[in-house]
1. Would you mind stating whether Glu19 is closer than 26 Å to His188 by Cα, modelled with pLDDT under 95 and surrounded by fewer than 19 Cβ atoms within 10 Å (Cβ to Cβ)?
2. Output the residue which, of all residues in segment 208-233 that are in contact (Cβ under 8 Å) with a residue 60 or more places away in the chain and within 21 Å of Leu179 (Cα to Cα), is least open to solvent (accessible area, probe 1.4 Å).
3. Taking the criterion of being in a loop (DSSP other than H, G, I, E, B), more than 21 Å from Ser158 (Cβ to Cβ) and touching a residue at least 24 places away in the same chain (Cβ under 8 Å), would at least one residue in segment 115-133 satisfy it?
4. State which residue is surrounded by the fewest Cβ atoms within 10 Å (Cβ to Cβ) when the search covers only segment 36-59 and only residues that are without any contact (Cβ under 8 Å) to a residue 12 or more places away in the chain and not in a helix (DSSP H, G or I).
5. Quick one: is Asp141 acidic (Asp, Glu), at pLDDT below 90 and farther than 26 Å from Glu25 by Cα?
6. Pull up segment 147-176, narrow it to residues that are within 11 Å of the chain's Cα centre (by Cα) and aliphatic (A, V, I, L, M), then point me to the one that is surrounded by the fewest Cβ atoms within 10 Å (Cβ to Cβ).
7. Given the structure, is Ala202 buried (at least 18 other Cβ atoms within 10 Å of the Cβ) and either under 20 Å from Leu255 (Cβ atoms) or not polar (S, T, N, Q) (or both)?
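The values are calculated or read from the model by the stated rules, or taken from the named source; none is laboratory data. Nothing here was measured: the structure is a model prediction, and the numbers come from that model. When we count neighbours, we look across all protein chains shown, and the Cβ atoms used for this are built from the backbone with ideal geometry, even at glycine. For accessibility, only protein heavy atoms count, side chains too; no ligands or nucleic acids. Shrake-Rupley method; radii C 1.70, N 1.55, O 1.52, S 1.80 Å.
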Amino acid sequence: GRATTLGEPTFQGARVPREVMRRVEFVSFDHVRVLQLVVAWEACFLAMRRLCRRSSTPTVREHGASYCCSVINASWCTLAGAYLTRHLASMPDESAAHVDPDDPNSWAGVWVKQAAYPFLAWLAMDLAHTAYHFPKLGGADALAHHAGFIALTVLQMSYDLLPVAAAWLLLGELSTLPLNLRWFLLQHGLGESRALFCTNIAFALTFLLVRVAFFWGGVAQVLLRLRPLLLAPPCHAPRLAVDVLCVAITAAGCLNGWWMYKIVGMALRATERRQPSVPPTPQSLGGSAQRVCAAPRGARSNRQRPFLTLLLFLFLLRCPRPRRPSRSDAA
């Protein structure tokens, strides 16, 4: 045992016996709190807009406030998601699948729900701004993404299902931080700077880590272990709600994989565009098809960058995940 802090249980990893777990039922959803947080986010947006109006860049003055709010939301979600994911990873499947008040680990699921309220309110606020400024802040895909996440988050919170999935979805906002930084660098004319190159690498690595490798590990846990537990007695969770969440999470994983493929493709094409062309030689001017094979001094290092990045990607994918404690250990 250990001393309790902020409502945490005395014994980490202890589990409630499965035979006394409560049935999964609809619980209250605090829509009033969501509206209050939407108002708070709108106040934050107005404060950021007043700050961004001091910028000398027109696009930052017009749309910088939305990106600033996105940075604040992503920072909060990353911190909360990392903390809660770390604790839920050491808990038994019963605690990861459902928030049961009789479970000594229910504090983690309760905290996940509390952390999801600001995220849900930010989605609603950003959806309204994206629709109002359509398509300057995002296209139809952004509108569908926000609307879908709002619906799925409400469904998950209404039944207290899969708090572990909600935790690592919050952690997925980590890759949003370098993406927003990239936008600010581009607006200030730093498109060819080393800072943008490092930001692109950071975005690709964080996206691969939290939205592909880590995400698909969570999808496997949900489909192979948590879904059967929720549908079996005594949980008897509504099959439609569980299946909708599982299908949506799997589809999001496939979409993340497709985006990762496009990210790597864009990185390779951008590197090829930066390579200087080979100047013509006397042989080529005389009609010969031969060209000088030796590239300029800086071209080789540019070609090596995506190759080294891909090697780092493969290394991260091969890193073994920490072993989860068995049920006997948790008991």
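1. Spelling it out, it is not the case that Glu19 is closer than 26 Å to His188 by Cα, modelled with pLDDT under 95 and surrounded by fewer than 19 Cβ atoms within 10 Å (Cβ to Cβ).
2. Ranking the qualifying residues of segment 208-233, first place goes to Leu208.
3. Yes, segment 115-133 contains at least one residue that is in a loop (DSSP other than H, G, I, E, B), more than 21 Å from Ser158 (Cβ to Cβ) and touching a residue at least 24 places away in the same chain (Cβ under 8 Å).
4. Filtering segment 36-59 for residues that are without any contact (Cβ under 8 Å) to a residue 12 or more places away in the chain and not in a helix (DSSP H, G or I), the one surrounded by the fewest Cβ atoms within 10 Å (Cβ to Cβ) comes out as Ser56.
5. yes
6. Leu174
7. Answer is no for this residue.
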